[in-house]
Each structure stands twice: as structure tokens, then as C-alpha cells.
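Engineer: Got a structure for you, questions after.
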Amino acid sequence: MNQKALHTLEFEKIIEQLTGFAASLPGKELCRTLTPFKELEDIRLAQRETSDALRRTILNGSLSLSGVRDIRGSIKRLQIGGVLGMSELLHLSSLLTAASRAKSYGRSSADSLQRSSIPLETKQSSNTEETYCDSLSELFQLLEPLTPLNQEISRCILSEEEMSDDASPGLRHVRRSMRLTGEKVHSQLNTLLNGNRSYLQDAVITVRNGRYCLPVKAEYKGQVPGMIHDQSSSGSTYFIEPMAVVRLNNELRELEIQERKEMEAVLASLSAMAAEQVLLLESNYELLGRLDFIFARATLSSYYKCSEPVFNTNGYIYIREGRHPLLDAKKAVPITVTLGKDFDLLIVTGPNTGGKTVSLKTVGLFTVMGQCGLHIPAAPDSQLAVFDQVFADIGDEQSIEQSLSTFSAHMTNIVSILKQADCRSLVLFDELCAGTDPTEGAALAISILSFLHGRGVRTMATTHYSELKVFALSTDGVENASCEFDVETLRPTYRLLIGIPGKSNAFAIAGKLGLPDFIIEDAGKHIGTEDAAFEDLLSDLEKSRLELERERAEAASYRAEAELLKERLAGKQSRLDESREKLLARANEEARRILADAKATADETIRNINRLASQTDVGKELERERQRLKKHLDKANERMAVKAEKPKKAYRPEDFHIGDAVRVLSMNLNGTVSTLPNAKGDLYVQMGILRSQVNVKDLQPLMEDTISTPAGNFGSGKNSGKKRPQERGHSGSIGMSKSASISPEINLIGKTTDEALPELDKYLDDAYLAHLPQVRVIHGRGTGALKKAVHQFLRRCRHVSSYRLGEFGEGGTGVTIVEFSHDQ
């Protein structure tokens, strides 16, 4: 691709950032040599690799490739049968460790992708189990850690300067002998040191030329027989190897030579092992470099908050909310650009420093980045086209050395572009044909753009020429665009507006900066009538656009507010329905409890009377009366209880399975079968926190559309479109049963305020549900504290329409008469 255009678009700065994210030398080299692809399949593969690496990074952290050293020189030496040094073998070991780490990362990140349900390709393995893979899976699978070789190198070589004693049996034996011989030398020297201390300059053992010596004073050198190896700079000290240790030192030197031979043998053995795997070593080096390169692209995508663009070969560009990556992310204003669908030539106008050039560079740079497999800092679903060439004429091309003016330099570049551009090219012009006579420049610009438009070249150009605005308005396939500018603040908003020609706003800017009004007015007289009318039209269009945007924003605000109110209303209605159901259920249960207590009390009383009157005929009368009262109470209880539905058909025990959703008809509750039926057809059903044994005759399977009904809904009607029979007259039966059992008065005398008010609250609820028109609250006179608390409570009770103190014959001031408002 055109290198001059890549430099103009500052692509090398993106490459520099990308290289900084790579950790290995081969990865950095791939980053530096990155160039745009031209084939759609190559681009899509590179984009998919970047996306897959980004997903793995998000789920499993970044891939660590530290320790990948350049081993290409070592591989060449191995290929010709050379022996590697300890540092080179350690570099091989470091590479294999990185390969093992990368392969483990590949497996763990694939497992994370599988668990997170991110869509991946699936492959059928030989054991018929599906394995998940993406575009990077094959690269990870091709890595060969060569664990035996790596372990052997690590076992034998401890550092670049130290080999382990256990590298070979011969080396271990030699070093053990060296230690023993060294100890003998030191022992002998220590004996001589202690016996001839007066002859010595210092009571130390030193080494000269690899041999152990004693520092002897010059005047006593004849008293210590041995070999002189060195003399001090002052001449006062001779370093003499005593004859007693010469043989031991000779043995030590021989052992050192033998040690070097053993070490060379170990290195030769390790090199031979490595030479057998030279192809895999070279493959690992290349694979790790490529993985490092791919994950560097993913890191760049994350750094700039990028997304994967969709590529096409139709020349269509749609950048949604794109941000130039080299601008401050906190200050950059996103732009939306379209080109190549309804029009293939876009002319951008507007004031200087308004963002026209940045828009040009953004389109060009995004195209280059995308074709290199890099994500672009734009909103998802942005689209880019595949171009063979990207041409850019941006910036000042003036050259003193080549005797070219600004116009000449630009024109030279434009001539070159016109010779090469075709329908597979993207051309970007900044201030086309500027720097010369405006009339001639505008005419040239129109001709150049018409030529490119006729060849179907995707072109984007910026200009200040009004003639180009008219050209865009009057030519099919050509569109105007403008960079918005706020005249009030003299600041650009950097928003790119497609379909609206822009104004240079020279007069407004000059006026805001202090140019006298009379000069601006005089300048206006020099503008032609048609030009003035055209500028006025642009101003009117701008005002209309701003007004439409303001109205659109208000409409969106109203719509959002209406949606919020709708949600709140729905939530409030839901809470009201829930409270109503809870209140009815609680009242129903309380009524049944009171009725059961009353019935038990009546039965106990009658039994006592029967026992006392068993000797007379009164017992028979009382028994008949008890039976009559029992039937009456049973009828009331039947009216008040929730009536059970009848099953739609007879079900068999095998029709029910563990986990089936059912309705317990006698209890009117939904639940789940928790055990299989026994021989009698009895099974256990879990209904919320209640677990009960019921017979299959009392069960009705729930259809799929009612399975989600929560247990304990008490037939609220939320699960079915038709109203159940038990819902009709429900509150009426409660009221009838309440009226039969609720006393018309409550006695609170002797209770504290804390005890009396909860009891009064429950009593008033029961009396209201029983449709009693009024009740009598007995609180007594006393200090008046209880009466005051009762009145304050009645004032807040919404069912109470009025209350008053009792009159003569009703209890006076010790009683409060409460009337209910049943019409609410």
C-alpha cells in the first residue's frame, strides 16, 4: 500500500503503540513489519484472531510470553552439528517454558470460553465429545513444550556460569575429588602457616595462577622451599607455593582439566538432544511470536476501547461514533461517517480548526487499521470497505529544496493520485486546490472531483470553496457534509453532519475577535448577490437543523419520562394486587380460625350439659339443639372456606412424576410432586414451605402456561384467562362469616397503649371486613391517655369515616363509637 499515505495518516504511531504491547522479540518484529492485507479472507481471519484473543484476555487474563529469546542463531549452529553454550541452552529452556505456559493458557481459556457460553466453533473429536475451538486453538495446539528436553536442561544447568554436579556421574565424581584435594591443600598450608608464621607477611592462604600459595617476606624466601609464582609491587612479599603442596596442586589442576572435559561432554549431549528437535524449536519460536503479535493487537483494542468492524467489497464505509486513536479519549468527539452507498464523493466544509482534517484522517486511518487486522475505536457494527490503495493529500507539501510552492507540491501529489486511483481506491483530499486563485482553484477542484466520481473512486475532500458546495447539491452521487461550529462561543463542536453544507463563519469569527463592525459590513458589500443568498440559505438550514434537534431531544425526553411513569404505575398496580390478595387470604384464615374456636367451645359446652342432664329428658333436646347448631356452623364454614375444584378427568398414579407441577384442588394451591405415589395413590406435594401428603384424586396437572404460578397464590387469577369459581363472591362469604362471629365492641380497659393499639387495629380490620356499620371501643376514663391514643389512631385509619364519644346510655366518655365507610 502507498507508504506516503501511511505516513500522512500517522499509521507509524499506531505501529509504535502496538509494538510496545508485544513482549517478545519475534512479536515485536511482526508488529513493526505489519502492513494492510488486500484479500477479504485474510482481513477477516486477522480480525477474528484479534477478537478471539480479546475474548480470551477478558475471561482468563493476558497471555504471558516473557522469556522468549532469539534462538535463531542457536538453531543454525545445531543444524550444522555445533555445540551450544550454557547461556544458549538456557535460552532454549526459557522458550520451551514459555511454550508450556502458553499451551496451558490455551486450554484454560478455552474452558473459560465454553463455560461462559460464548459462541465458538465445535469440532467432533475421535471420542465423540465436542471440543470448543476458535481461530487461535490450532496455534495453541501446535505448540510442543518438549518437556523432557526442557527438564534435562534445567537439571543440568543452573545458570549461565554454573553447571549442576548432577549433570553427569563423571562430573559429580571429579568435583567430589576436587573438594577432597582442596581440603588436603588447605590442611597442609594451615600446618605450614602455623609453623612458619614469622616468615609470612600475612597469615593467609592466597591463590596465584590457579595454585595455592603463602605470602612470604622477601628476606625469608630462602627459608620456605617451594616455587615462586608472583611478587608484590613493592617487592617485599613473595608468593611461594610450598613444595609440600605442589603435588596436591598438580592433582587439583588435573581435576580442573577433567572437569572442563566432563562439562563439555554434558553440553554436547544436551546439544545433541536439542538438535533432534530443531524443527519443533523453530516452530515454537514462530508460533510464540505470532501469538504475541495477535495478543498485542487485542491489548491495543482494549486500550483504545475498540470494536471489530465488518468488512465488505462493495466500497461501503459506515463509521459509527468513531474516535481518532491519537486524540485524547476524554476530549475527542465521536463522528459518524458514511460513504459509498448513496454517494461515493463526500465534500466536507466548515471553519478552520473545526475538525475537517481529523475527519479525513479518521476515515483513512480506520481503513488501514482494519485491513491490518486491528480493531477500530468506534461503536460496534461499523463497516469498512477493502481497498487496494489509500491515497491521502493532507498537510503542507511545500519543498524549498525542490523549488515547489504549496500549490505546486499539492498538485504534483494530485497528478500522481489521478494516475493510480481506480474503483478499488480510497482518496482523501485536504483543502483541495487551495493556495491559488479561488476561482481557478474551485474550477480545478470540481474537474478533479468529477473525474474521480466518474471512475467510481471513493473520495472524501475538504474545502472552503462555495462552488464545491453547489457542485455537491447539484450532482448525483455527491454529498455535502460540515463540521459544526458554535458562533456564540467561537468554538467548534467537532461534530460531522452529513447532508448539510457548512459555513466558514469568517465574518462571525472576525467580529467576535474584535474586528470593527463597519469593516465587516463593508466586506459584506463585496460579496456577490448569489453568494450572499447562498450563505443566508445555509444559515437558515443551520437554524432549522438546530431547532429540529432540539425538538427531537425534547420528544425523546418526554418519551423516556412516559415510559418511566408507565413502569412505576405497573409496579404500583402489582403491589396493590399483591396487598389485596394477602389481605383477603389473611382474613379468610383468621375467620376460619375464629369459627373453629367457637365451634370447639360450643361442642365442649354442650357435652358438659349433656353429661349433667344425662339422667333427664333434657339431654335429648340438648343433643338435637347441638346437632342443629353444628349443621349451622358447618354451613357457615363451608361458605367461608375456599371451594375445591373438581378434577377435569380421573388421573392414575402413573400419570404423576417427581418434579411435575400440580394443583392441590382441596387446598387450591400450586405445588411440585416430590415423591412417587404409593399403592393407595398417596404422594407428597411441596407447596412453597408447606409439604403435604395428598391423593392423586385431589390433584390436577398444570399446563405449561401455568407452571410458573407461585405456590400459595390462593387462586388469584393471574395464571389463567378465566376467573375461577371460588373467586366469585369471595369477599362476600368472608363478610358473612365475619358478621356472624365479630363482636360489635372491643374492651381495652386495663391494657397499655402498646398492647391496645395492635389489638384495636386487627379488630377494626375484622369488623370492616364483616361489614359492621359501627363498633364500640371501650377504653375507660382513667387518666385519658388510652382514649387519646385511640383517637389518634382512629384519625389515621382509612376505613373509619367518623368517631365520637359515647352518649348517655352508650357508656359516656369511657366509650368511643366508630363508624365505617363501606362505600370506598
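Engineer: So which of ARG592, ARG559, ARG568 is modelled with pLDDT under 80 and among the basic types (Lys, Arg)? Working first, answer last.
Structural biologist: On the way: ARG559 fails: modelled with pLDDT under 80; ARG568 fails: modelled with pLDDT under 80.
Exactly one residue qualifies, and that residue is ARG592.
Engineer: Checking the structure you have, find out if any residue of the range 652-663 is open to solvent by 80 Å² or more (accessible area, probe 1.4 Å) and at pLDDT below 75. First the steps, then the outcome.
Structural biologist: The initial filter retains those residues of the range 652-663 that are open to solvent by 80 Å² or more (accessible area, probe 1.4 Å), namely 652, 654, 657-658.
This time we only want the ones that are at pLDDT below 75, so: none.
The answer is no; no qualifying residue exists.
Engineer: Do we have any residue at all in the range 281-303 that's assigned to a helix (DSSP H, G or I), out of contact with any Pro (no Cβ under 9 Å at 6 or more places or on another chain) and over 30 Å from LEU54 (Cβ atoms)?
Structural biologist: no
Engineer: Here is a check on your reading of the model: is LYS38 under 30 Å from THR412 (Cβ atoms), assigned to a helix (DSSP H, G or I) and open to solvent by 30 Å² or more (accessible area, probe 1.4 Å)? Before you say what the answer is, go through the steps one by one.
Structural biologist: Values: under 30 Å from THR412 (Cβ atoms): yes; assigned to a helix (DSSP H, G or I): no; open to solvent by 30 Å² or more (accessible area, probe 1.4 Å): yes.
No; evaluated as a whole, the condition is false for this residue.
Engineer: I need the full set of residues from the range 633-643 which are part of a loop (DSSP other than H, G, I, E, B) and either at pLDDT 65 or above or open to solvent by 50 Å² or more (accessible area, probe 1.4 Å) (or both), in order please.
Structural biologist: Kept after step one, since they are part of a loop (DSSP other than H, G, I, E, B), are these residues of the range 633-643: 641-643.
LYS643, the sole residue that qualifies.
Engineer: May I pose another question? Considering the range 524-556 alone, what residues qualify as being at pLDDT 60 or above, open to solvent by less than 70 Å² (accessible area, probe 1.4 Å) and outside any helix (DSSP H, G or I)?
Structural biologist: Passing the criteria: only ILE527.
Engineer: Then there's this: So how many residues does the range 789-824 have that are more than 56 Å from the chain's Cα centre (by Cα) and in a helix (DSSP H, G or I)?
Structural biologist: Summing the residues that are more than 56 Å from the chain's Cα centre (by Cα) and in a helix (DSSP H, G or I) in the range 789-824 gives 6.
Engineer: So, of the residues in the range 431-441 that are buried (at least 21 other Cβ atoms within 10 Å of the Cβ) and touching a helix residue (DSSP H, G or I) at 6+ places or on another chain (Cβ under 6 Å), which turns out to be farthest from LEU6 (Cα to Cα)?
Structural biologist: CYS433
Engineer: From the set of residues in the range 789-822 that are surrounded by 12 or more Cβ atoms within 10 Å (Cβ to Cβ) and of a type in the set (Phe, Trp, Tyr), which is farthest from ILE778 (Cα to Cα)?
Structural biologist: Looking at the filtered set, the residue picked out is PHE820.
Engineer: Residues being out of contact with any Asp or Glu (no Cβ under 8 Å at 6 or more places or on another chain), at pLDDT 75 or above and either charged (D, E, K, R) or open to solvent by 80 Å² or more (accessible area, probe 1.4 Å) (or both): count how many of those fall in the range 485-520.
Structural biologist: 2
Engineer: Quickly run through the range 59-76 and pick out the residues that are open to solvent by 40 Å² or more (accessible area, probe 1.4 Å), part of a helix (DSSP H, G or I) and touching a residue at least 12 places away in the same chain (Cβ under 8 Å). Steps first, please.
Structural biologist: Keep residues of the range 59-76 that are open to solvent by 40 Å² or more (accessible area, probe 1.4 Å), which gives 59-60, 62, 64, 66, 69-70, 72, 76.
From what's left, part of a helix (DSSP H, G or I): 59-60, 72, 76.
Answer for the range 59-76, where residues must be open to solvent by 40 Å² or more (accessible area, probe 1.4 Å), part of a helix (DSSP H, G or I) and touching a residue at least 12 places away in the same chain (Cβ under 8 Å): LEU59, ASN60, ARG72.
Engineer: Of all the residues that make up the range 352-382, how many are assigned to a loop (DSSP other than H, G, I, E, B), surrounded by 21 or more Cβ atoms within 10 Å (Cβ to Cβ) and over 27 Å from the mean Cα position of the chain (by Cα)? Steps first, answer last, please.
Structural biologist: Filtering the range 352-382 down to residues assigned to a loop (DSSP other than H, G, I, E, B) leaves 352-355, 372-375, 377-382.
Now narrow it down to the ones that are surrounded by 21 or more Cβ atoms within 10 Å (Cβ to Cβ): 354-355, 372-375, 377-378, 382.
Adding the requirement that they be over 27 Å from the mean Cα position of the chain (by Cα) leaves 354-355.
Residues meeting the conditions: 2.
Engineer: Go through the range 304-320 and report how many residues are touching a Pro at 6+ places or on another chain (Cβ under 8 Å) and either surrounded by fewer than 17 Cβ atoms within 10 Å (Cβ to Cβ) or without any contact (Cβ under 8 Å) to a residue 40 or more places away in the chain (or both).
Structural biologist: 1
Engineer: Checking the structure you have, find out if any residue of the range 321-341 is outside any loop (DSSP other than H, G, I, E, B), over 30 Å from THR436 (Cα atoms) and open to solvent by 60 Å² or more (accessible area, probe 1.4 Å).
Structural biologist: Of all residues in the range 321-341, those outside any loop (DSSP other than H, G, I, E, B) come to 321-322, 335-339.
Then drop every residue that is not over 30 Å from THR436 (Cα atoms), which leaves 321-322, 335-336, 338.
After this cut, where a residue has to be open to solvent by 60 Å² or more (accessible area, probe 1.4 Å) as well, the list is 321.
Yes, because at least one residue in the range 321-341 is outside any loop (DSSP other than H, G, I, E, B), over 30 Å from THR436 (Cα atoms) and open to solvent by 60 Å² or more (accessible area, probe 1.4 Å).
The values are calculated or read from the model by the stated rules, or taken from the named source; none is laboratory data. Small disclaimer: the values here were computed from a predicted structure and weren't measured. Virtual Cβ from ideal backbone geometry, glycine too; neighbours counted across all protein chains shown. Heavy atoms of the whole protein, side chains included, go into the accessibility calculation; ligands, DNA and RNA do not. Shrake-Rupley method; radii C 1.70, N 1.55, O 1.52, S 1.80 Å.
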